[in-house]
Structures are given as structure tokens and as C-alpha cells.
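Worksheet for the structure shown next.
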Amino acid sequence: MQHNKRHLALIGMMGTGKTTVGRAVSELLDMTWRDTDQELVAKWGCSVAEFFARYGEERFREEETAMLRTCLEEQRLLLTTGGGIILREQNRQLLTQWAYVVHLDADPDEIIERLRRSEEERPLLRGDLSARVHAIYKARRDFYRFADLRVDTTGRAVSDIAEEIARAWREHV
Ligand code: S3P
């Protein structure tokens with residue numbers, strides 16, 4: 001590899017399938033998989049929602065950046081991230097420098113349907129789910145543009161998406 005981008009990172013809004021696709025990609029490519037949220041939950045011993053309630057979003061963002069740095073120091077990883085990781089310029093720079101970054105995108109209406117089915121607690125989606133998703137999608141759309149590859153997942157099978165990402169990664173390394 002002629003560059004530092006030794007990791008494969010998946011970014012994207014809540015409900016775009018980072019976890020589901022991440023699992024499939026890690027199996028296809030036989031890569032070690034880490035998820036920044038899961039690492040934080042293991043470190044704290046409480047859920048993301050509980051952490052938000054106790055310490056607030058700003059503190060969560062500090063922890064998220066520190067965890068991103070820790071993960072990027074490891075050997076090659078498939079890294080999945082929380083949907084808001086792209087909000088900090090520092091995180092965007094770190095990802096750009098150390099990872100081949102794939103943005104999973106989806107139509108907001110499909111995101112809403114997926115999130116309705118998911119049982120996970122997401123503190124930023126309290127209230128009117130549809131209104132929150134549309135607002136967050138619009139507010140963050142431009143922050144995802146730094147990715148090396150954008151994959152629209154709307155209406156597609158997980159295996160198909162995972163294969164597209166695996167192909168792009170093989171070309172990258
Ligand atoms: C967040 C997304 C969540 C989690 C936290 C904040 C966000 O991760 O990090 O609730 O700001 O979009 P997922 O994208 O895995 O749901």
C-alpha cells in the first residue's frame with residue numbers, strides 16, 4: 001500500500017445499515033471489525049443513551065474522538081462508526097488520513113422505516129421520528145461528502161452492498 005489508509009471505515013447516518021453491512025463486509029474480507037459505539041459501551045459499562053442522559057452530547061463527542069484515535073492506531077481494521085462522527089472536522093481529517101472511507105447513504109423515508117423496526121435506543125431521535133430524521137439528514141448531508149466512496153443502499157440487499165464495498169476495498173489495497 002502506497003498510502004496510510006490501512007483501515008476500511010463505514011460512515012453514514014443512523015439507519016443506513018452500518019452494523020448489518022459491516023458484519024457482512026468483515027466476513028467477506030475476513031477483517032477484524034470494531035465499532036466505535038460498541039467499544040465505548042464496553043468501556044463505560046452503560047449504553048449510549050444512558051451516557052447521553054448522564055453527561056450530554058458534548059462529552060459523548062469527546063469520548064467518540066478519543067475512541068476513534070485509539071481504533072485508528074491499531075493494525076488494519078474494518079471500522080464502523082456512530083452516525084455523528086462526521087460532525088467534527090478533526091474526525092473527518094483522521095478518517096481521511098487513515099481509512100478508506102465508505103459512506104452508506106439511503107433515502108430518508110427508507111431510513112425512517114428501518115429505524116421504526118430497530119429496537120435500539122437512539123437519544124437523538126426522541127420525539128417525532130420522521131421529522132428528526134429529515135432534519136438530521138439535511139443538516140449532515142454535506143459532512144459525509146469527504147468519503148472515498150458513496151454507496152446508496154436504498155432498496156438493496158445487504159449481500160449486494162457488502163460485495164460492492166469488498167470489491168472497492170480490494171482495488172484500494
Ligand atoms: C449518533 C448515532 C448513533 C450513536 C449516537 C449518536 C448520531 O450511532 O453514536 O446515538 O449522532 O447520529 P448509529 O449511527 O450507529 O445509530
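Laboratory data are not the source of any read-out in this text; all were calculated from the coordinates shown. Model, not experiment: these values are computed from the prediction. Cβ sites come from the backbone with ideal geometry, for glycine too, and all protein chains shown count toward neighbours.
Among the residues making up the range 27-50, those that are within 16 Å of the ligand (Cβ to nearest atom) and outside any helix (DSSP H, G or I) are Trp33, Arg34, Asp35, Cys46, Ser47.
Checking the range 74-87 against the condition returns a match, with at least one residue being surrounded by fewer than 21 Cβ atoms within 10 Å (Cβ to Cβ) and in a helix (DSSP H, G or I). In the condition set (1) small (Gly, Ala, Ser); (2) within 17 Å of Ala99 (Cα to Cα); (3) crowded, with 19+ Cβ neighbours inside 10 Å; (4) away from the ligand (no atom under 11 Å from the Cβ), Ala24 is compliant with all but (2).
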